[in-house]
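Peer 1: Can you read through this structure? Questions will come right after.
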Amino acid sequence: MIRVGIIGATGYAGGELVRILTGHKDAEIIWYGSRSYVDQKYADVYRNMFQIVDAACMDDNMEELASRVDVIFTATPQGLCASLVNEEILSKTKIIDLSADFRLKDVHVYEEWYKIEHKAPQYIDEAVYGLCEVNREDVKKARLVANPGCYTTCSILTAYPLAKEGLIDMGTLIIDAKSGTSGAGRGAKLPNLFCEVNENIKAYGVATHRHTPEIEEQLGYAAGEKVVLNFTPHLVPMNRGILATEYAKLTKDVSWEEVKAVYDKYYADEKFVRVLDRDVCPETKWVEGSNYVDIGFKIDPRTGRIVMMGAIDNLVKGAAGQAVQNMNLMFGLEESEGLELVPMFP
């Protein structure tokens, strides 16, 4: 049985980790860390856990936690994991960090986009970017995994095969993405109040969103070239879900069958990536509550472009589900254990 500790267990991603891991046959949560709710019963914070979780919330003492668990999930704001991790901790336990602290390989890029000093740059090179479908073998050997961001997971997986095979001109790639409000976290923020969000859709972080360099870096590895792109996120009035619509110029004339064959080359054996049938567009409602990524595409011969579309649940495949998928790989378990979550509808 894998002993699990969660720091940030009362945020949305942390709560989703608890929900998923309570159904995991090989894992047991023994530490529900939450600086805001120390000594309060976890089920009083999340009433859906009434008579399911009896534990009280604990603090974020990673030093003590490391000696008691096999893996620590840090579902915390940027900067916290990097400020706590050290060699003694990593010698005792594995860490899966759901923040951005170890996603970017250039510390200067991290500090420029996140506006904070990186407290543990010595671990950046070691950390494995936990996009399971791309870095599976490296994840298996890792002791520190950087769980990808929600927008980035959807955006990268949607375009990855075509970038890898050189079918799209990376200099023309534009990503337009829309997310439900849970992506902004559980903290009280004026822009996320019901009256601010309801009956509204808005772009934000235009040309400045911090997931931009993460998408550029990972798609750059795939394409074998430096990638600079436009990424524009939007907030929509729903709880969960991300839909990414991506546009790029094709590098040659291709048929739908040829593009489908490229996607199948990379994803046919991937449990959680579903490439849809011709003329079927992904919808967030068909992945909600699950660890699936639904991907579709449409070739526009009039413009010589391809429109790629992807949908995920931002809290599952975009956060907690992917983190559990990483944990399964790190401990040699069946990759889908605890993640056989049929999408919820309605």
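Computed from the coordinates by the stated procedures, all read-outs in this text should not be read as laboratory data. What you see is a predicted model, and the numbers here were worked out from it, not measured in a lab. Here the Cβ positions follow ideal geometry from the backbone for every residue, glycine too, while neighbour counts run over all protein chains shown.
Peer 1: What relative contact order, as a whole-number percentage, does the range 2-126 give when Cα pairs under 8 Å and 6 or more residues apart are counted? Present the calculation step by step, with values, prior to reporting the outcome.
Peer 2: On the way: 215 pairs, mean separation 28.9, N = 125.
The normalised contact order for the range 2-126 reaches 23 percent.
Peer 1: If the only charges are +1 at each Lys and Arg Cβ and -1 at each Asp and Glu Cβ, what is the size of the charge dipole of the chain around the Cα centre, to the nearest 20 debye? The partial results should precede the final answer.
Peer 2: Details: 37 positive and 51 negative charges, 109 e Å.
In debye, rounded to 20, the chain gives about 520.
Peer 1: So which of Lys178/Lys226; Lys178/Lys317; Lys178/Lys285 end up more than 21 Å apart by C-alpha?
Peer 2: Lys178/Lys226
Peer 1: Would you work out the relative contact order for the chain, in percent, from Cα pairs under 8 angstrom that are 6 or more residues apart?
Peer 2: Over the chain, the number comes to 17 percent.
Peer 1: Something else: Relative to the longest principal axis of the C-alpha atoms of the chain, give the angle of the C-alpha long axis of helix 150-164, reported between 0 and 90° and rounded to the nearest 10°.
Peer 2: It works out to around 40 degrees.
Peer 1: Pull out the extension gain between Arg136 and Lys119, defined as 0.36 nm times the separation in residues minus the alpha carbon to alpha carbon distance; nm, one decimal.
Peer 2: Working: separation 17, 0.36 × 17 = 6.12 nm, distance 2.70 nm.
Here the segment from Arg136 to Lys119 would lengthen by 3.4 nm.
Peer 1: Rounded to the nearest 10 degrees, what's the angle between the helix 12-21 long axis and the longest principal axis of the chain, both from Cα atoms, 0 to 90?
Peer 2: Relative to the chain, helix 12-21 is tipped by roughly 80 degrees.
Peer 1: Just to confirm my numbers, what's the Cα centroid distance between the range 56-131 and the range 279-295 in Å?
Peer 2: 30 Å
Peer 1: Tell me the relative contact order for the range 178-308 as a rounded percent, counting alpha carbon contacts under 8 Å between residues six or more apart. Could you put the intermediate results ahead of the total?
Peer 2: On the way: 165 pairs, mean separation 33.0, N = 131.
The normalised contact order for the range 178-308 reaches 25 percent.
Peer 1: Do any trypsin sites (Lys or Arg not before Pro) in the range 260-346 lie in a loop, going by DSSP, with at most 16 other beta-carbon atoms within 10 Å of their beta carbon, and if so which? Show your work: numbers first, answer last.
Peer 2: Working: sites: Lys260, Lys265, Lys271, Arg274, Arg278, Lys285, Lys298, Arg302, Arg305, Lys317; in loops: Lys271, Arg278, Arg302.
Taking the range 260-346 and a limit of 16 other Cβ atoms within 10 Å, the loop trypsin sites (Lys or Arg not before Pro) found are Lys271, Arg278, Arg302.
Peer 1: Across the Cα atoms of the chain, what radius of gyration and what greatest pairwise Cα-Cα distance (Dmax) are found, in Å?
Peer 2: When restricted to Cα atoms, the chain yields Rg and Dmax of 19.6, 62 Å.
Peer 1: Enumerate the aspartates and glutamates that Lys105 could reach by cross-link, defined here as Cα to Cα under 16 Å, with residues fewer than 8 away along the same chain left out.
Peer 2: Answer for Lys105, where 16 Å is the Cα cut-off: Asp97, Glu117, Asp125, Glu126, Asp138, Glu214, Glu216, Glu217, Glu225, listed by chain and number.
Peer 1: Please rank Tyr204, Tyr292, Tyr114, fewest neighbouring Cβ atoms within 10 Å first, as an exposure proxy.
Peer 2: Numbers: Tyr204 13, Tyr292 24, Tyr114 17.
By the 10 Å Cβ count, ascending: Tyr204, Tyr114, Tyr292.
Peer 1: In addition: Out of residues 5 or more away from Asn230 or on other chains, whose amide H comes under 5 Å of its own, with H placed 1.01 Å from N in the peptide plane?
Peer 2: Ile175
Peer 1: While we're looking at this one, here's another question. Relative to the longest principal axis of the chain, what angle (0 to 90°, nearest 10) does the C-alpha long axis of helix 256-267 take?
Peer 2: Taking Cα atoms only, the helix is inclined about 20 degrees.
Peer 1: Here's another thing I want to ask about it. Which of Val145, Val85, Val262, Val206 comes first, and how do the rest follow, when ranked by fewest Cβ neighbours within 10 Å?
Peer 2: Values: Val145 28, Val85 24, Val262 17, Val206 11.
Going from least to most buried by this count: Val206, Val262, Val85, Val145.
Peer 1: Work out the P(r) tail for the range 151-314: percent of alpha carbon pairs separated by more than 30 Å, whole number.
Peer 2: Numbers: 2015 of 13366 pairs.
Of the Cα pairs, 15 percent sit more than 30 Å apart.
Peer 1: How much length is gained if the chain between Ala184 and Glu225 is pulled fully straight, taking 0.36 nm per residue apart and subtracting their Cα-Cα distance, in nm to one decimal? Write down the numbers at each step before the final one.
Peer 2: Values: separation 41, 0.36 × 41 = 14.76 nm, distance 3.13 nm.
Working it through step by step, the gained length comes to 11.6 nm.
Peer 1: With the calculation restricted to Cα positions, what are the radius of gyration and Dmax of the range 258-333 in angstrom?
Peer 2: 14.3, 49
Peer 1: Could you line up Met62, Met238, Met1 from fewest to most neighbouring Cβ atoms inside 10 Å? Don't jump to the answer; show the numbers that get you there.
Peer 2: Numbers: Met62 22, Met238 15, Met1 10.
The most exposed by this proxy come first: Met1, Met238, Met62.
Peer 1: Once you compute Rg and the Kirkwood Rh from C-alpha atoms, what is the Rg to Rh ratio for the range 2-126? Mind dumping the intermediate values first?
Peer 2: Details: Rg = 14.9 Å, Rh = 15.0 Å.
Value, to two decimals: 0.99.
Peer 1: Another question about this same structure. Let me have the 222 nm mean residue ellipticity of the chain computed from DSSP H runs of 4+ only, each contributing -39500 (n - 2.57), with the sum over all residues rounded to the nearest 500.
Peer 2: -8000 deg cm²/dmol
Peer 1: Post the alpha-carbon centroid distance, the range 320-346 to the range 148-190, in whole angstrom.
Peer 2: The distance from the Cα centre of the range 320-346 to that of the range 148-190 comes to 20 Å.
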